[in-house]
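Written out below as structure tokens is the structure these notes cover.
Readers should treat all values here as calculations from the given coordinates under stated rules, not as data from a laboratory. Since the structure is predicted, the reported quantities are computational estimates derived from the model, not experimental observations. Methodologically, a virtual Cβ is constructed for each residue, glycine included, from the backbone with ideal geometry; neighbour enumeration extends over all protein chains shown.
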Amino acid sequence: MHLGFLVTSLEQGLIYGIMAIGVYITFRILDFADLTVDGSITLGAAVSAKMIITGYNPFLTLIVATFAGGIAGTITGFLNTKLNIAPLLSGILTMTSLYSINLRIMGRPNIPLISNETIFDLFNIPYNLSSYNELILILLVVLVVLITLILFLKTKLGFALRATGDNPVMVRSMAINTKSIKMIGLIIANSFVALSGSLIGQYQGFADISMGIGTIIAGLASVIIGEVIIGRDSFYFIIPGIIIGSVLYRGSISFALMSGFAASDLKLLTALIVILFLSTPRIKSYLGGKINVEAD
Amino acid sequence: MLKLINVTKTFNVNTFNATKALKNVDLEVKNNDFITIIGGNGAGKSTLLNSIAGVFDLTCGDIILSDKNITDMPEYKRANFIGRVFQDPLMGTSPEMTIEENLSMALNKDTNLSLKWAVNKKKRGRIKEHLSEINLGLENRLDTKVKFLSGGQRQALTLLMATIIEPEILLLDEHTAALDPATAIKINELTQKIISNHKITTLMITHNMKDALNFGNRLLMMNHGKLIFDVQGQTKENMTINHLLEIFQKKHKQGFYNDRAILSLA
């Protein structure tokens, strides 16, 4: 094992961590199983890649991609809150539509960015830190995301978001429209996911139509690992914890690759990791000889 | 100030299971009325309060509050002037949020949702002040998550949250029924204190006839989706449980022999 492997896992983990935070917002805070994610991460990459090869500033594309993710969230929110389609199905419908939309945006299934400048080429740190250029840029973006989200969750709107996932009846009795709050949550979550997608595309040097498949499971895996390590008591800790969860998850994936698994086995491995973590409480209570079903 | 005109609610309309929960109810509630509502299971008491709160659309009829027709106003908008406490202590608070966070949402009820801080120093002061008024020592546990509180504490908190911004109408749906007797008495006293201090117009469902007689200035009896008895003022003061039973039997041949009603005579 060498340093390069560690740095790559760390960088990937941090970037995908932003996506995992999006998943945390919908699955945990809002209690909304949102599958839009698989589509909106590709959307972020597609928008950025297309803009970059057209000649736009790569940093500008981050912002546009984030907005595009927000629109994807709006559509899922619309399907659910206005048309009363079940959360799971709303997400799947948007995700499926996004496949065609992403192809339209890109014009072809794959856009390589090798010959174009990305944010990682534009961002230069002088002195002897320049070999950590990419890592530092990624860390900066992650920090901005973390701080923004934590501050947001302390505002009136943030409180409403947290309470809506917890007890919608109470939120309505506090004169707040839970439908609008769901919409806002989905917009924020998918913005983060698309931002993550935009970064991934630029980091790996291409956008691909199928890059989003299984994203939701990777996101859930990161959330769960983060929660197991940090605990679920306070969001001040959980939110950075999810980033750590994502880094550990990418690390274990890289480790699996190095120990001989094919890249095509990764989705199965990811699913197994999630199953393992989700079933831990049951296995523990089984081994402890007591029946203690605590579903959540 | 609150008027229900010909309010009717049928659940599962046009199906085999259609149930008429409210049948052409007319009711006029005056300012500062404190009304207790009794009746057997399925009499339509909760449906009556839910219609006022706007939980569902009415089958027909109108609801007028302070000369404004609120029949089509969504539930969350009515919450601006209607406070509610539910039977289930889990319904009124957000368990994963702290006492302070829950109360701050109640304090923010009459302001717009925005990106302003939900809690600040001034609000924390007000929250502490309000909490010390209810005498449960909760003012020293601001950062405790509500899920760690007992049913009684949660119900007291819900009551405070429902009235901290004074509502035009307070709806209490058997809010002490899920509590142990000693706690129920405490919450009842607290309810009485808050309502009389702030002169809040209140509708309270209870299955306890004694409470129904002791509390408030007016009493309604419901059966099969209809108001069958309405008494107020001095006449109500002079009533006893036996009177209530007699009236019920006279008005309704079927009798009041429903397990809950009998169990609650004490």
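Listed values, structure above:
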{"read-out": "Shielding by other protein chains, B:68-80, mean Cβ within 10 Å", "value": "3"}
{"read-out": "Estimated dipole of the protein assembly as shown in Debye, rounded to 20 [Cβ of Lys and Arg +1, of Asp and Glu -1, Cα centre]", "value": "880"}
{"read-out": "Phi-based couplings in Hz for the range A:43-57 (Karplus 6.51, -1.76, 1.60; Gly and Pro marked x)", "value": "4, x, 5, 5, 4, 4, 4, 4, 5, 5, 6, 7, x, 6, 5"}
{"read-out": "Approximate spin-label separation B:Met239-B:Asn112, in nm, with each point projected 7 Å along Cα-to-Cβ", "value": "4.7"}
{"read-out": "Segments B:49-62, A:138-151 sorted - mean Cβ within 10 Å per residue, highest first", "value": "B:49-62, A:138-151"}
{"read-out": "Neighbourhood net charge (14 Å Cβ-Cβ; Lys/Arg +1, Asp/Glu -1) for B:Glu28", "value": "-2"}
{"read-out": "Distance violations [Cα-Cα > 18 Å] among B:Lys20/B:Lys250; B:Lys77/B:Lys145; B:Lys3/B:Lys226", "value": "B:Lys20/B:Lys250; B:Lys77/B:Lys145"}
{"read-out": "Cross-link pairs B:Lys116/B:Lys147; A:Lys182/B:Lys45; A:Lys182/B:Lys109; A:Lys154/B:Lys45 - those with Cα-Cα distance over 29 Å", "value": "A:Lys182/B:Lys45; A:Lys154/B:Lys45"}
{"read-out": "Efficiency of FRET from Cβ geometry, B:Met73 and B:Ala177, R₀ 30 Å, rounded to 0.05", "value": "0.60"}
{"read-out": "Cα long-axis angle, helix B:181-198 against chain B (0 to 90 degrees, to the nearest 10)", "value": "80"}
{"read-out": "For B:Leu170, distant residues with modelled amide H under 5 Å away", "value": "B:Gly83, B:Thr201, B:Thr202, B:Leu203"}
{"read-out": "Residue-averaged beta-carbon neighbours from other chains (10 angstrom radius) around B:86-95", "value": "4"}
{"read-out": "Selection from A:Thr76, A:Leu137, B:Leu159 lying farthest towards where the dipole of the protein assembly as shown points positive, charges on Cβ", "value": "B:Leu159"}
{"read-out": "0 to 90° range, to nearest 10: angle between helix B:121-133 axis and chain B longest Cα axis", "value": "50"}
{"read-out": "Other protein chain Cβ atoms within 10 Å, averaged over every residue that makes up B:105-113", "value": "5"}
{"read-out": "Table column - 3J(HN,Hα) (Hz), the range A:174-184, Karplus curve with 6.51, -1.76, 1.60, x for Gly and Pro", "value": "9, 6, 10, 7, 5, 5, 5, 5, 4, 4, 4"}
{"read-out": "Spacing of the two label points (7 Å from each Cα toward its C-beta) at A:Asp265 and B:Glu166, in nm", "value": "7.2"}
